[in-house]
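Below is one structure, written out as structure tokens; comments come after it.
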Number of protein chains: 2
Amino acid sequence: MDKSAARSRTAARATPPLKTPVAAAEKRPRGRPRKTLDERDDGNRRLELITAAARLFRKKGFDATSTRDIAAAVGMHSGSPFYHFKSKGALLHAVMEEGMRSALQRQAQALQSAALPDGDAPALLRLLVRNHFGVLLGPGSDFIPVMLYESRSITARQRAVLTKLQNDYEAVWEPVLEALARAGQLKGPVKLARLLMFGALNWSVQWFDAKKSATLDDLTDAAMALFIHAPAQGKSSKALA
Amino acid sequence: MDKSAARSRTAARATPPLKTPVAAAEKRPRGRPRKTLDERDDGNRRLELITAAARLFRKKGFDATSTRDIAAAVGMHSGSPFYHFKSKGALLHAVMEEGMRSALQRQAQALQSAALPDGDAPALLRLLVRNHFGVLLGPGSDFIPVMLYESRSITARQRAVLTKLQNDYEAVWEPVLEALARAGQLKGPVKLARLLMFGALNWSVQWFDAKKSATLDDLTDAAMALFIHAPAQGKSSKALA
DNA sequence: CCTACCGATCGGTAGG
DNA sequence: CCTACCGATCGGTAGG
């Protein structure tokens, strides 16, 4: 909205001072300056756009967010996002893909740093649930909610890319859920249990309020208590692993 | 899209044949014909609009559905929905309110016709879950999904109306969940358990495919198996009721 | 409920 | 990445 504020943000990033019209004509070659000598923050601007878009898409929805809103949020003018993305839909897809890659990375990292034995399925599930809540509700968590609630607005081809990433994400859960089912701690068909469980977790973006009392650990405890039954009597879950 | 098709639908409803310009000028009084002698389907048109809007809002989303889409779906012209609703947002709210009133009615009816004893909390929950799946996924179930996924687009005042209806809806569940918690069959804080459970159910609109194998009864079985634990050993749940 | 219309906004582009 | 712009579409309304 405020052009000077937007421009000052840009100015803080760029090395040269605010250009005079003459200086601009001299120093700025026309056409697309693909690579400058000191290779500035080319990819950074793209990520800024994605981040701002994620926040706005989550807050207002994809259709209700204009590309002008997004441009203004990063101090660009209305047409400039199309220098980085060929369409509004491509930007939405980039938000989702960035979200899934980040979620996958965080999940892998959580598993690695915990170094739990494969046999301890309940502890593994707890870790996955806690990480999932972090991805959904933690700081900077706009990407995955956008993916979950705006998937209607992407093309089939774009969705295929995300589906693959989602499958990778869920693939980590599957053996854990299978082990729990064998131990009698997860009841019912595993496939339906998984869908219902993810629903319970994903829906939390609708009601969770970080300013209220419950923490993400509280949510994790509640989810585990709800889903995971006591192990079958007289059988060690270790023996089933 | 096809004007003649849309009009033929209208013609089938109205008694007189397709008007000639002259006949229209003679037979149709100008201004708003509030009540005709044989009082046609005045309120019916309103409901038709709501139903068509629900279908389109669910399929494409509120923002991506134009009032022209809705008008065309019921054989009206572009400005005519505003004769029945003062704004697009009012139409959205009407869809949601109609959905909640219908859901409440179905829930009350299900409980009444089953005539279960108050002590049988698991059976009561099963009934509520099954009815909820029917409301979400059964025939003509566009209203509640729209309410669940488009609430961002209504005003605070409109939301207050729905919140009251939602509270009435959930109020029926609460004593059932409390009884199950006392019996040790529902684990964790009841409030969080309720939120997680509704999430698991509500999320099913994202993945349930009526053309595939699972039925709503299958879903109900899976949900009950997942959420409801075996009663505590040596204690009769009857004694706790 | 139709006809005819309006102002606003939007995604996107040419050209530099 | 900005400037200047375009065609399309949209919610809504006057007047009958």
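No lab work stands behind these numbers, since they all come straight from the coordinates. Not measured: the values here are computed from a predicted model. With ideal geometry, Cβ positions are generated from the backbone for all residues, glycine too; neighbour counts draw on all protein chains shown.
Can you give the charge dipole size of the stretch A:90-171 about its Cα centre, rounded to the nearest 20 debye, using +1 on the beta carbon of Lys and Arg and -1 on the beta carbon of Asp and Glu?
160
For the pair B:Arg159/A:Ala210, report the inter-label distance in nm, with labels modelled 7 Å from Cα in the Cβ direction.
Here the modelled spin labels are 1.8 nm apart.
Assume the label is 7 Å from Cα along Cα to beta carbon: what separations in nm does B:Ser87 have to the matching positions in the other copies?
3.1
Kindly provide the trypsin sites (Lys or Arg not before Pro) of the stretch B:56-132 that DSSP labels as loop, not H, G, I, E or B, and whose Cβ sees at most 11 other Cβ atoms within 10 Å.
For trypsin sites (Lys or Arg not before Pro) across the stretch B:56-132 that sit outside H, G, I, E and B with at most 11 neighbouring Cβ atoms in 10 Å, the list reads B:Lys86.
State the answer as a single residue: which of A:Ala115, A:Val190, A:Leu177 lies farthest towards the positive end of the charge dipole of the stretch A:96-227, with beta carbon charges of +1 for Lys and Arg and -1 for Asp and Glu, about the Cα centre.
In the stretch A:96-227, that residue is A:Val190.
Only four residue types carry charge here, +1 at the Cβ of Lys and Arg and -1 at the Cβ of Asp and Glu. Report the dipole size of the stretch B:96-227 about the Cα centre in Debye, rounded to the nearest 20.
Its charge dipole is roughly 320 debye.
Work from the charge dipole of the stretch B:96-227 (Cβ charges, +1 for Lys and Arg, -1 for Asp and Glu, about the Cα centre) and give the residue of B:Tyr149, B:Met100, B:Gln206 farthest towards its positive end.
Of the options given, the answer is B:Tyr149.
Apply 1/(1 + (r/R0)^6) to the Cβ-Cβ distance of A:Val172 and B:Asn44, taking R0 = 60 Å, and write down the FRET efficiency to the nearest 0.05.
Rounded to the nearest 0.05, the efficiency is 0.70.
Averaged over peptide B:184-197, how many Cβ atoms belonging to another chain are found within 10 Å of each residue's Cβ?
Partner-chain Cβ atoms within 10 Å, mean over residues of B:184-197: 5.
Taking a label point 7 Å from the Cα of B:Gln109 along the Cα→Cβ vector, which residues of the stretch B:116-131 have an amide N closer than 18 Å to it?
Zone members listed by number: B:116, B:127-131.
Considering only the label points, 7 Å along Cα→Cβ from Cα, what distances in nm to one decimal separate B:Glu174 from the same position in each other copy, shortest first?
Once sorted, the set of distances for B:Glu174 reads 4.3 nm.
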